[in-house]
Every structure is written in structure tokens, then in C-alpha cells.
Amino acid sequence: MRSQLSETLGHVAPGDIEKVWLCNFGIEANEAALKFARAATGSTKTIATVRGFHGRTMGALSTTWKDKCKNPYEPFLENVEFVQYGDVDAITTAIDDNTAAVIVEPIQGEGGINPASPNFMKTIREATTEAGAALILDEVQTELGGQTNFGPVSV
Ligand SMILES: Cc1ncc(COP(=O)(O)O)c(C=O)c1O
């Protein structure tokens, strides 16, 4: 049953998805993606965006911007760098060979309804691929591939 479901999901999802990991909540997906990225790259540096929201567990909260959600739970994961959402130059500079992952929403939901420009997302896709880093597309609010055509999520 699980393998059939995974296979079907792989077929209906956009892109060439070869692996599926089933979970119940957005935070589980993000926690797992952050861990998969570390395991796959051997790096810890994670890039997130100003006004981004990724959930309230410790890993996901480490990549969430708002202080209001984060106080008084410090300290969080080290080596998380926040860049302005939409700033192509800043994200290009931030992504380097030590980057494990960029985690980003195609449309920021909790931080206001802020859609990313296609150029911003395309830049992240290309720069993470070039650096061997994971792109974690947090589509908890926007649905799988619903707002994007930037290529599949990859680790
Ligand atoms: C963008 C985003 N990521 C992650 C989460 C966490 O998802 P869940 O509440 O299903 O764990 C949310 C919840 O609102 C969200 O908006």
C-alpha cells in the first residue's frame, strides 16, 4: 500500500521524482528535508529567507524568520543565514560549496502573501544545483508544484 501510494505520487508530482517520503505534517517534511540535505552534502549551512515560515519544531523554527515565534526557545541550529526574499544577488552570494540547503517558499504565506519572482526561484534552482546543495521548496501552503515550474525539489 505504502509503496503503491509512493509510486503514484512520484508519477503525478511534477518533475522526475524518484524518491518519496511519506509524512503527516508540514513540519515533518521540513525537518526531514533539512536532515536529508545534511546527510547528502555533509554540510550544515542552511539559507533561509527574511519573513519565511517553516514551522515550529526546532529545526524548522531555526529557519523561520519571525522573532515572535522564536522567543524564548533559543538557541537554534547554528549556521542558518537569512537573505532578503527576492534578492537575487544576495542569494547568489550566499550559496556556496559549504551550503547544505536553501529552504524557501514559492509564495511566502505567514509573512504576508509575497510571491517570489520566477527569476529569484530560477536563480536558486541553478545556484543550488551548481553548488551541489539541496533546494527545499516549502510548498505546504502552495501545493506541490502548484505555483512553480522551476524544476523538481532535489537533495
Ligand atoms: C509554509 C509553511 N511551512 C510549514 C508549515 C508547518 O506545517 P504543519 O502545520 O502542517 O506542520 C506551515 C504551517 O502553516 C507553513 O505555512
Some residue of region 30-42 being surrounded by 11 or more Cβ atoms within 10 Å (Cβ to Cβ), more than 30 Å from D97 (Cα to Cα) and modelled with pLDDT of 95 or more | no
Selection within region 60-104 - of a type outside the set (V, I, T), under 12 Å from the mean Cα position of the chain (by Cα) and either more than 16 Å from E28 (Cα to Cα) or away from the ligand (no atom under 16 Å from the Cβ) (or both) = A100, A101
Selection from region 19-69 of residues that are closer than 18 Å to A127 by Cβ and charged (D, E, K, R) = K45
Go through region 77-91 and count every residue that is exposed (fewer than 15 other Cβ atoms within 10 Å of the Cβ) and out of contact with any strand residue (DSSP E or B) (no Cβ under 8 Å at 6 or more places or on another chain).
-> 2
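Check whether at least one residue in region 24-33 is in a loop (DSSP other than H, G, I, E, B) and more than 16 Å from the ligand (Cβ to nearest atom), and report yes or no. Can you show your working first?
Applying the first criterion (in a loop (DSSP other than H, G, I, E, B)) to region 24-33 yields 24-25.
Those still in the list that are more than 16 Å from the ligand (Cβ to nearest atom) too: none.
Within region 24-33, not a single residue is in a loop (DSSP other than H, G, I, E, B) and more than 16 Å from the ligand (Cβ to nearest atom).
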Out of E105, E110, report the one residue that is in contact with a strand residue (DSSP E or B) (Cβ under 8 Å, 6 or more places away or on another chain) and surrounded by 15 or more Cβ atoms within 10 Å (Cβ to Cβ).
-> E105
Out of region 116-131, which residues are part of a helix (DSSP H, G or I), among the polar types (S, T, N, Q) and out of contact with any strand residue (DSSP E or B) (no Cβ under 7 Å at 6 or more places or on another chain)?
-> N119, T123, T129
Of the numbered conditions (1) under 17 Å from R125 (Cβ atoms); (2) at pLDDT below 95; (3) not hydrophobic (A, V, I, L, M, F, W, C), E105 satisfies every one except a single condition; which is it?
-> (2)
Can you name every residue in region 39-59 that is part of a helix (DSSP H, G or I) and away from the ligand (no atom under 16 Å from the Cβ)?
-> A39, A40, T41
If you go through region 134-154 one residue at a time, do you hit one that is crowded, with 19+ Cβ neighbours inside 10 Å, farther than 18 Å from A29 by Cβ and hydroxyl-bearing (S, T, Y)?
-> no
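Considering only region 8-18, state which residues are exposed (fewer than 11 other Cβ atoms within 10 Å of the Cβ) and part of a helix (DSSP H, G or I). Full working, then the answer.
Initially, region 8-18 is screened for residues exposed (fewer than 11 other Cβ atoms within 10 Å of the Cβ), giving 11-12, 16, 18.
If the condition is that a residue be exposed (fewer than 11 other Cβ atoms within 10 Å of the Cβ) and part of a helix (DSSP H, G or I), then H11, V12 are the ones that fit.
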Would you point out which residue out of E18, E110 is under 25 Å from T129 (Cβ atoms) and either free of Cβ contacts under 8 Å to residues at least 60 places away in the same chain or away from the ligand (no atom under 16 Å from the Cβ) (or both)?
-> E18
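Looking at region 139-153, can you tell me whether even one residue there is modelled with pLDDT of 95 or more, out of contact with any Lys or Arg (no Cβ under 8 Å at 6 or more places or on another chain) and either among the hydroxyl-bearing types (S, T, Y) or within 16 Å of the ligand (Cβ to nearest atom) (or both)?
First, the residues of region 139-153 that are modelled with pLDDT of 95 or more: none.
Scanning region 139-153 turns up no residue that is modelled with pLDDT of 95 or more, out of contact with any Lys or Arg (no Cβ under 8 Å at 6 or more places or on another chain) and either among the hydroxyl-bearing types (S, T, Y) or within 16 Å of the ligand (Cβ to nearest atom) (or both).
The values are calculated or read from the model by the stated rules, or taken from the named source; none is laboratory data. These numbers come from a predicted model, not from an experiment. Every residue, glycine among them, receives a Cβ derived from its backbone with ideal geometry; neighbour counts consider all protein chains shown.
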